[in-house]
Each structure stands twice: as structure tokens, then as C-alpha cells.
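Below: one structure, written as C-alpha cells.
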């Protein structure tokens, strides 16, 4: 693909994202399903029954061109599918189909009052969507918590997965081996105490090494709108239940069972270590050493390729898109 074309597409995408930032409301208010929050592509809804209740999964789908395959993009814990905009536009410009679901409990999808969240269940829901769209083979790409879900999807449905791509995933270590288990009510109280300033401060410290750029502000808007919105308690409870996934849904002990070509894109400045604030007594293990974890996990996974990005943190697709894109070009 000509470099000028990639540059134009990326420029258009970043312009769209910048418009969202410039139009950002200082005090937005969104309901649980983000009815008034714009997504970058047309949003569709997949209705299905799970755990004795009707649910709806929101998703965006950019169909493949010609004989290109489809890339399934799985979002992280503190995000929704809209943040894949730049990646999706770039892959679609190369001809790939792109499918971006909001998992149950996230984004524009249902926020059930009661649900037994597991990566197995979310993978099954996602596979049902893939089947409904008639897609036989996918490349699965996950970021942060989405990396854990992507791994589980590849473990469960390996015959229908062409490749697995993990972008700064959490779950590269089994957290409950080192930290104390916390009831979801613990995370619920933490969620209820959120403010926009706390969200921004967390992202600035943990994602961008203390630096902040105007385009990062767009990633705070959903949180701000929910905090100010009428359904915050329901959203906060779903957020709490899905925190539990990260601790109880370990995939780190099954990396050696992956059967698909796997690629890791790792920003080595990342130090994300869920639970480091409540380690088990006597544990001195240092969580979140992504400068070491990438190489360690790549050795555990058969047929794995590691791409490390020095001096990049948890969000390479935002912090260093050009360098991130170069790695994508080696994969797709």
C-alpha cells in the first residue's frame, strides 16, 4: 500500500478523533448504554439470551474487501470499542474486515444487574456474534484486559483463529498467585468514588508516564458521562464485576496450549500490575514488569513473535501510533 495513502487515512482518522476531543463536554451525562455518545462507525446490535436473560451486544463492523480476512478487535477494561478507531481505519484501508464489539457490561452493550462474568462466557458471546455475521475465520487482537479475552477466545476456538495479537495485555502473570482476593463490593466502592479528575490522573500516571496530550482527553469522556449520568450505580456495579475477571480469569498458566501464531506488541515502560496494593503477606514479587514479561511470555507460547516498543507505556496505539503501525505491518 502506498505510504501516502496510509498517511492520508491516518490523518483523516486523527482529525475525526480530534473533533471529538474539541467538542468534548466538560460535564457530559450519559446513560448506561451511551445513547448520546457518538461512535466513529455505524453501531449495530446483536440480541441474544444468556444466563436466563435477554442481552444486547453493540458492535461496529467494517466488512472485508476482496478476499481479505476479518480482524476481531477486543477492548480493554477501562475502554469501549470506539477507541479502536485509528487501528480499525488503518486495517480497513489495507482491505481487512474489522469487527469491534462492546462486551456485555461495557460501552453501548447491556449492563445487567446480575451476570456471572467470565472470559469463557464473553468469548462464547463474541463467537456467537462472529457466527451470526457469517465470518468463518478471524484474527483476534486484544489490548489490556482484551488481551486476556483474546487469549481465551483463541484457546476455545483455535480452529477458527488465524492469528492472535496481544497489545500490552494484562494477565501475563497469574495475579492471585501474589495478591489477596477482593470481593466485587471492594471494587464497587472504588468505582463509586471516581471523579473525572481521578480518571484523568490515573491515565496520565499509568498510561503516559506523567505526560498528557489533548488527544488523550477523548478517552476520559465516557467515564465522565457515566459518573454524571443517571445510571452510574448500575455501571459502577458492572465495572466492579468485571474487575473480578482479571483476577479469577487467569490465562497465564495456559499460554503453552495456544495453537495459533501469536504476536505480542509490548510497550516496555508499562508497569500495569493489578492488585499490587494488596499483595499477600510476605510476597515481594514485583508485578507489571513489562520490560521482562514480554520475553518471558514469548518463550512460553509456541510460535510466538515479540515486538517490543522501548519507552512506550500501556497505550502504544495512542502514545506511539507510527511505531505501533510499523509492527502491525509485520503482522497483517
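What follows draws every value from the coordinates through simple rules; no lab data is involved. All values derive from a computational prediction rather than experimental measurement. For neighbour counting, all protein chains shown are included, and Cβ atoms are generated from backbone atoms with ideal geometry for every residue, glycine included.
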Residues that are over 21 Å from residue 203 (Cβ atoms) and in contact with a strand residue (DSSP E or B) (Cβ under 9 Å, 6 or more places away or on another chain), drawn from segment 270-292: 278, 279, 280, 283, 285
Qualifying positions in segment 224-246 - touching a residue at least 60 places away in the same chain (Cβ under 8 Å), part of a helix (DSSP H, G or I) and farther than 21 Å from residue 147 by Cβ: 224, 225, 226, 228, 234, 235, 237
Any hit, segment 270-293, residues being touching a helix residue (DSSP H, G or I) at 6+ places or on another chain (Cβ under 6 Å) and under 25 Å from residue 87 (Cα atoms): yes
Candidate set from segment 294-327 (those that are out of contact with any strand residue (DSSP E or B) (no Cβ under 7 Å at 6 or more places or on another chain) and in a loop (DSSP other than H, G, I, E, B)); member that is farthest from residue 84 (Cα to Cα): 302
Helices (runs of 4 or more DSSP H) contained in segment 43-158 and holding at least 2 residues over 26 Å from residue 215 (Cβ atoms) and over 12 Å from the mean Cα position of the chain (by Cα): 119-132, 145-156
Within segment 195-209, considering residues that are within 17 Å of residue 224 (Cα to Cα) and out of contact with any helix residue (DSSP H, G or I) (no Cβ under 6 Å at 6 or more places or on another chain), the one surrounded by the most Cβ atoms within 10 Å (Cβ to Cβ): 203
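Here's the yes/no breakdown for (1) touching a helix residue (DSSP H, G or I) at 6+ places or on another chain (Cβ under 9 Å); (2) under 16 Å from residue 49 (Cα atoms); (3) surrounded by fewer than 24 Cβ atoms within 10 Å (Cβ to Cβ); (4) without any contact (Cβ under 8 Å) to a residue 12 or more places away in the chain:
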{"site": "89", "(1), (2), (3), (4)": "yes, no, yes, no"}
{"site": "95", "(1), (2), (3), (4)": "no, no, yes, no"}
{"site": "113", "(1), (2), (3), (4)": "yes, yes, yes, no"}
{"site": "125", "(1), (2), (3), (4)": "no, yes, yes, no"}
{"site": "129", "(1), (2), (3), (4)": "no, yes, yes, no"}
{"site": "140", "(1), (2), (3), (4)": "yes, no, no, no"}
{"site": "145", "(1), (2), (3), (4)": "yes, no, no, no"}
Index of the failed condition, residue 226 passing every other in (1) buried (at least 18 other Cβ atoms within 10 Å of the Cβ); (2) closer than 21 Å to residue 169 by Cα; (3) more than 18 Å from the chain's Cα centre (by Cα): (2)
